[in-house]
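A short worksheet on the structure shown next.
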Amino acid sequence: MRLNHFLMSPTYYGSSRIRGQTGFMIGSSVVVRTRSWIVLCLGGFLGFLTIGSTAAVAADCPGHPDALGTSRTLVVDPHEHPRIGTMQYRETLPLKDHEVVLTFDDGPLPKYSNQILQMLADECIKATFFIIGEQAKANPEGVRKLVAAGHTVGTHSMNHPLTFDRMPLDKAEAQINGGIEWTSAAMTDPSKLAPFFRIPGLMRAEGVENLLISRGIQVWSADFPADDWRHVSSDRVYQLAIQRLEAKGKGILLLHDIQARTVAALPKIIRDLKVRGYRIVHVVPATAERPATPTTPVEWLLHPPTETTPIARWPAVPNFVFAQTKMLPAPTLADLNAQTDHQPLLPRRTMAMANVAATLPVPGRDLFAIPEGSVEVLLSTTLSRRAATRLAMAAETPRAARSKAGKLRGHRTAHAAPAGAKHAAAPKSAAQKGAATHPTRVASLKKRAQ
Ligand SMILES: [Zn+2]
């Protein structure tokens with residue numbers, strides 16, 4: 001499949017790639033190389049080759065002394081954290097307080113994407129773009145510009161259907177594949193495509209997520225949108241972006257690089273991010289050569305629980321996904337065998353029941369004896385007079401009744417079998433048979449009459 005390169009790709013965003021791209025870097029993109037070397041030097045100093053550290057932002061963005069910049073690069077492993085974004089999932093990116101990840105969906109659309117690209121370049125900001133296959137098909141150069149500028153590029157389906165939550169899985173897969181194929185086809189080096197996917201309209205569905213995860217693709221929701229796809233003013237987009245960011249203190253901001261209002265709002269958002277002391281984080285996927293940034297599980301929670309905060313919910317049921325195999329392993333007989341080291345399930349209970357049955361005392365025949373005449377009394381309280389009379393007569397002549405009541409006896413047998421099984425060990429004298437037959441039949445008839 002086309003996605004194999006996600007698992008085997010030799011390099012993503014490695015230093016060699018950045019050097020190799022110099023040939024088609026243009027204008028401010030040269031900054032990418034300069035910053036990358038600084039980041040690499042710091043990374044080497046810290047013992048981590050590829051983990052960006054805090055950088056002196058202004059100095060790294062020549063010509064833009066007040067640039068917001070990109071404070072660090074976060075390397076994530078989709079296999080370890082397959083679903084991110086607190087709008088929908090438990091986990092989100094392991095950001096520190098006041099760290100922001102910018103994401104742009106639905107492009108590239110030259111008219112607006114190019115403007116946004118220029119704004120990001122002027123501020124030395126690295127973002128993540130989720131590409132629609134149809135857009136990449138129509139504007140492959142737009143995809144190449146994103147890669148050349150050092151942004152992370154993931155995908156967002158072939159033509160953005162808002163039905164991922166209810167479409168058949170094969171159709172969803174075709175949508176996913178279409179987006180990936182056209183986006184990677186637009187790239188000079190398809191291995192630059194990040195295994196990141198955002199479901200159109202965030203219309204998540206368990207099956208789609210599991211499909212993506214099984215293929216090593218990380219499912220990206222977001223921590224807050226700015227509603228820039230709605231018919232609101234650019235000022236409103238800016239306000240929502242900042243208000244929602246302030247409410248959470250950090251996180252993934254969802255924007256669209258195909259909207260005029262987003263283009264108009266972005267300078268104000270960036271200005272406010274600076275004023276309020278926020279820092280931009282660039283997210284890239286882990287590769288064999290570029291290990292994931294070391295994190296602890298609790299860092300993937302937006303607000304990690306503290307010892308003083310009681311938790312009032314049960315732990316989430318783990319979602320087991322076999323990323324390495326296409327088929328779930330079939331259970332073997334040994335998995336069900338009570339003789340193995342596994343905890344036996346049904347076999348143990350069955351054996352326990354058998355033991356109980358073997359040790360229970362045999363019920364005395366008196367238990368089944370009913371005084372003469374009581375059959376009619378019992379029947380008359382629960383059945384119509386006609387039925388009671390007929391069945392009472394049958395009870396008096398068991399042999400004759402056998403053929404008439406055959407159907408009923410079958411019914412009785414089905415219901416009385418569990419209890420009757422325990423009687424099996426008792427010796428069956430003729431008297432006991434006769435005594436036991438009456439009340440048993442009465443019980444079953446009573447039940448039927450109800
Ligand atoms: Zn979208």
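The values are calculated or read from the model by the stated rules, or taken from the named source; none is laboratory data. The structure displayed is predicted, hence computed values, not measured ones. Backbone-built Cβ (ideal geometry, glycine too); neighbour counts: all protein chains shown.
Restricting attention to segment 182-205 and to residues that are touching a helix residue (DSSP H, G or I) at 6+ places or on another chain (Cβ under 8 Å) and aromatic (Phe, Trp, Tyr), the residue that is farthest from the ligand (Cβ to nearest atom) turns out to be TRP182. Residues that are part of a loop (DSSP other than H, G, I, E, B) and either at pLDDT below 95 or within 16 Å of the ligand (Cβ to nearest atom) (or both) within segment 151-176 comprise HIS156, SER157, MET158, ASN159, HIS160, PRO161, LEU162, THR163, PHE164, ASP165, MET167, listed in sequence order. Does segment 256-296 hold any residues that are touching a helix residue (DSSP H, G or I) at 6+ places or on another chain (Cβ under 8 Å), in a loop (DSSP other than H, G, I, E, B) and either outside the structural domain of SER113 (by TED's automatic domain parsing) or within 22 Å of ILE131 (Cα to Cα) (or both), and which are they? Correct list: ASP257, ILE258, GLN259.
When ARG244 is tested against (1) part of a loop (DSSP other than H, G, I, E, B); (2) touching a Phe, Trp or Tyr at 6+ places or on another chain (Cβ under 8 Å); (3) basic (Lys, Arg), exactly one condition is not met: (1). In segment 182-208, the residues that are surrounded by fewer than 19 Cβ atoms within 10 Å (Cβ to Cβ) form Cβ pairs under 7 Å with partners that are among the β-branched types (Val, Ile, Thr) and part of a loop (DSSP other than H, G, I, E, B), at six or more places apart or across chains, as follows: SER191/THR11; MET203/THR163.
Any residue at all in segment 218-228 that's over 29 Å from ASP272 (Cα atoms), in the same structural domain as ILE131 (by TED's automatic domain parsing), under 15 Å from the mean Cα position of the chain (by Cα) and without any contact (Cβ under 8 Å) to a residue 24 or more places away in the chain? Scanning segment 218-228, I find no residue that is over 29 Å from ASP272 (Cα atoms), in the same structural domain as ILE131 (by TED's automatic domain parsing), under 15 Å from the mean Cα position of the chain (by Cα) and without any contact (Cβ under 8 Å) to a residue 24 or more places away in the chain, so the answer is no.
Among the residues of segment 297-310, those identified as touching a residue at least 12 places away in the same chain (Cβ under 8 Å) and not in a helix (DSSP H, G or I) are LEU301, LEU302.
Of the residues GLY142, GLY179, GLY107, the single one that is part of a helix (DSSP H, G or I) and within 13 Å of the ligand (Cβ to nearest atom) is GLY179. Determine whether segment 82-91 contains at least one residue that is modelled with pLDDT of 95 or more, more than 13 Å from the chain's Cα centre (by Cα), more than 16 Å from the ligand (Cβ to nearest atom) and not in a helix (DSSP H, G or I). No, that holds for no residue. Could you list all residues from segment 206-224 that are closer than 22 Å to MET158 by Cβ and either within 16 Å of the ligand (Cβ to nearest atom) or of a type in the set (D, E, K, R) (or both)? Across segment 206-224, the qualifying residues are GLU206, VAL208, GLU209, LEU212, ARG215, VAL219, TRP220, SER221, ALA222.
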